[in-house]
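For reference, the structure is listed below as structure tokens.
Rule-based calculations on the coordinates, nothing more; no lab input. Please read these numbers as outputs of a predicted model, since none were measured by experiment. So basically every Cβ, Gly included, is an ideal-geometry build from the backbone, and we count neighbours across all protein chains shown.
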Amino acid sequence: MSVSGLQAAPVTAPVDQAAQGPLAGDGGISAPHVVNTAAATPQAAAPSKVSALSPILSPDNAAREAAQNRAGPAGPSVNRAQALAANATANGPSANPPAVNFSFNGLQECQGDAAFCWNPPDQGAAGGPNHYLEMKNESWGAYDRNGNLVVGPISNQAWWGYASTASLFDPVATFGGGHFYMVSLFFDSNSGASTINLSVSNTNQASGGWCNYFFAGNLGATWADFPKLGITHDSVTPSNGRILISTNQFNFNNSFNTNSLYEIRKDQLDACVGANFFRWNTFTNNDGSVAFTIVPAVNYDNTAGSGWWVGMVNFGTNNVVTAWHETCDIIGNNCFQRWGVTTAGYSIPPNARQPGTATRIDTIDNRLQSFNIRYQKAWAMHATAVGGCGAGNDTSGLHLFELFTPTSATAASLVTITDPGGAGAGTHDAYIIGACSTDQYNGAVSHDANGNALFIYNESGTTEYENPRMGGWHLETGLAYGSFVGAVNTSIQNQLGRNGDYSAAAIDSVDQRFVLGCTEILLTSTFWGTRCARLINSANPI
């Protein structure tokens, strides 16, 4: 088997950005605040939803909804027939489809957050050696490897030291280099104060000691939203490791302004000491436009001083994805390269259908959701519109692709597998789509130990209620997807028309054939839970 790339030419950055880099912000040292799960008070294990905890649109949440669902540029959707043909030609049918090894119910809406009851709860997850950690809006908890809740749920307000009336939202988490990392956001729409909250475990356990750090979410007269969390590590020179936190920045009238990224010394965070950081602002797409949602890579490789990567797609209709590479691993040093890679087309998806109602389910937009690197290759996923079902009948689907992201200062490119007789041969650039009666959305993807993709997503349609499903792209057996995750929803409508902003996919640190996938599920027509599963592409290594 050989791996090659379709070469992409480097792109010159706009004239207002020096040396092809984003705009330099500011730097400093963030002081740690020690916390411990033993001192935290677990909240009710399984609360019931009552009228006093009806779904809320707080000022913070209302602002976020207005900002996130902004209209995008009009344009053609992906052609369904061509997409299906490309999928079949590149990969063929899978003789060894992925499977759910084990699944369990995670945190529910309202659980651990008596002051708030977000609908839906959003979701972040990470897998350590003894714990599966799960976050949601306003609270977090951890499970043993059999799916039993053993830590929490703990309210985010208590954990990060806020008043019980504060809202801490948009949870993301990861595990790497022997530590868990959790991020949530705070925004006060009255004062305009915006804060990025980071928590780092002292060990590889979710139980026990942690250290909290706080970073300014404001950038001028803007506030931070929709964080993404990336990581690199260097076993030879630990000071080269990074934790990367990106956000969209919105004006106080909820219009999009720019993007921002914190680059933080991972070794200092892990040691619970003052952590050096630098803030980069205004990463641009290949065409020079300001990127809406940048995603720093979760990099499972030993980066060995080769820097870090950030991925993004154009908001609206396009067929180019952009990847930035910071090549020098020096905090605040402007040594960036920007690469544009031509892929299959994409555009903003329509909202998803469901049986028996005209209420559609929010699919957000076509922002990049996942960007994870292993063996110098990055699997990535985001939503797109898919046409070919008749005039005005576009559906939502998912765009899945893999980029070559080298440690050297050379071009990013699409990954192509050359393997005569292998169904996984071809260029890794395809769509997760179903029949014209279905919509696919809210996806997340990660690598397994062998570089295969495993992903989780939601699906609904004119005759199908909303359900979590999963799939994978195996380098030998090809692309296969559609299996249900957990019990099948056969009757529950999503009456609120909302869906979460996040699903999660993360490698299992103990048995890396597995990927932990988590997403939201409907428990009633207005009440949400989450579902997590260990996904496996193949019991046999390639």
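Distance between the modelled labels on Asn319 and Ser289, one decimal in nanometres: 1.6 nm (7 Å Cα→Cβ projection). Relative to the current alpha-carbon distance between Ser191 and Leu523, full extension at 0.36 nm per residue lengthens the span by 115.9 nm.
Note on Ser491 and Thr342: the model spin-label points, each 7 Å out from Cα along the C-beta direction, lie 5.3 nm apart. Phi angles of region 370-380 translate, via the Karplus equation with coefficients 6.51, -1.76, 1.60 and θ = phi - 60°, into HN-Hα couplings of 10, 7, 10, 10, 8, 6, 6, 9, 10, 7, 9 Hz per residue; Gly and Pro are given as x. Residue ranges 268-275, 312-319 sort as 312-319, 268-275 when ordered by packing (mean number of other C-beta atoms within 10 Å per residue, highest first). With a simple spin-label model that places each label point 7 Å from the Cα along the Cα-to-Cβ direction, the separation between Ala221 and Ser483 comes to 5.3 nm. For region 165-178, 3J(HN,Hα) computed residue by residue from phi via the Karplus equation (6.51, -1.76, 1.60; θ = phi - 60°) reads 8, 7, 10, 10, 10, 6, x, 9, 8, 7, 9, x, x, x Hz, glycine and proline entered as x.
Each residue of region 270-286 was assigned a 3J(HN,Hα) from its phi angle through the Karplus expression (A = 6.51, B = -1.76, C = 1.60, θ = phi - 60°), giving 4, 8, 6, 10, x, 10, 5, 9, 9, 10, 10, 10, 6, 5, 10, 6, 3 Hz with x at Gly and Pro. Over all other residues within a Cβ to Cβ distance under 11 Å of Arg513, the charged ones net out to -2, with Lys and Arg as +1 and Asp and Glu as -1.
Please give the length that would be gained between Ala271 and Ala304 if that part of the chain were fully extended, namely 0.36 nm times their separation in residues minus their C-alpha to C-alpha distance (nm, one decimal).
Result for the pair: 9.9 nm of gain on full extension.
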